[in-house]
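Peer 1: I am attaching a structure below and will ask some questions about it afterwards.
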Amino acid sequence: YQHPIRYTKIDKHALSIKDYKNESIKNLTKRLTQNTKNDFEKARSIYRWITKNISYDVDSYFNDSIDPERVQPRNALKSKLSVCSGYANLFNEMVSSVGIKSEVVSGFAKGYGFEPGDKIGESNHAWNAIEIDKNWYLVDCTWGSGNIGLDKKFNRKYVDFYFLTPPEHL
């Protein structure tokens, strides 16, 4: 199914937007979505901006010191650094501010450190579900922004696959 998104135009605009110090999430989102024609394009612009501008907080992850305050949307935006729940919370607040119904989804992910045969444990990841035109879609800004390398550093490497990802993959 082809979604009604002008990918080149929307991505170019999103990647050109700089946030201002102490700018509200609502105002930033308004600027990001000002040239969009539908909710798919709004979500795309927000996804593309977050995946470019927020980095994964590997120190908090590896030190198991994830501060609940740091994953609040405002703090993720201000520091440009967060773990998956911060990415998901920021995306949730941004799309909600432009009228898109969104939920933060928590679950188990076979991500960094997972080996075949490992037991599936408690929730260890967060992503989003958004509703557009009475259909639900999945978005994972964390995995869309890059990965953790063997050197335990964040590698920014944009991945388009995690925007409107088929449910069987998340």
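Peer 1: Identify the residue in the stretch 48-96 that is modelled with pLDDT under 95 and touching a Gly at 6+ places or on another chain (Cβ under 7 Å) and, among all such residues, is most open to solvent (accessible area, probe 1.4 Å).
Peer 2: Among them, the one singled out is 70.
Peer 1: Still on this model: Of 21, 26, which residue is open to solvent by 50 Å² or more (accessible area, probe 1.4 Å) and outside any loop (DSSP other than H, G, I, E, B)?
Peer 2: 26
Peer 1: Tell me, yes or no, whether the stretch 108-129 has at least one residue that is modelled with pLDDT of 95 or more and surrounded by fewer than 18 Cβ atoms within 10 Å (Cβ to Cβ). Steps first, please.
Peer 2: From the stretch 108-129, those modelled with pLDDT of 95 or more are 127-129; that's our starting set.
After this cut, where a residue has to be surrounded by fewer than 18 Cβ atoms within 10 Å (Cβ to Cβ) as well, the list is 129.
Yes, some residue in the stretch 108-129 is modelled with pLDDT of 95 or more and surrounded by fewer than 18 Cβ atoms within 10 Å (Cβ to Cβ).
Peer 1: A further question follows. Could you please find all residues in the stretch 6-27 being closer than 15 Å to residue 51 by Cβ and either touching a residue at least 24 places away in the same chain (Cβ under 8 Å) or of a type in the set (Lys, Arg) (or both)?
Peer 2: Correct list: 7, 10, 11, 12, 13, 14, 15, 17, 19.
Peer 1: Anything in the stretch 29-69 that is in contact with a strand residue (DSSP E or B) (Cβ under 7 Å, 6 or more places away or on another chain) and either not in a helix (DSSP H, G or I) or not charged (D, E, K, R) (or both)? List them, or say none.
Peer 2: 40, 43, 47, 54, 55, 56, 57, 58
Peer 1: Just to be sure before I move on: is residue 161 open to solvent by 30 Å² or more (accessible area, probe 1.4 Å), at pLDDT below 95 and aromatic (Phe, Trp, Tyr) in the structure I sent?
Peer 2: Criteria not met by residue 161.
The values are calculated or read from the model by the stated rules, or taken from the named source; none is laboratory data. Just so you know, these numbers come straight off a predicted model, no measurement behind them. Neighbour counts are summed over all protein chains in view; Cβ atoms, including those assigned to glycine, are modelled from backbone coordinates with ideal geometry. Just so you know, the surface numbers come from the protein's heavy atoms only, side chains and all, with ligands and any DNA or RNA stripped out. Shrake-Rupley method; radii C 1.70, N 1.55, O 1.52, S 1.80 Å.
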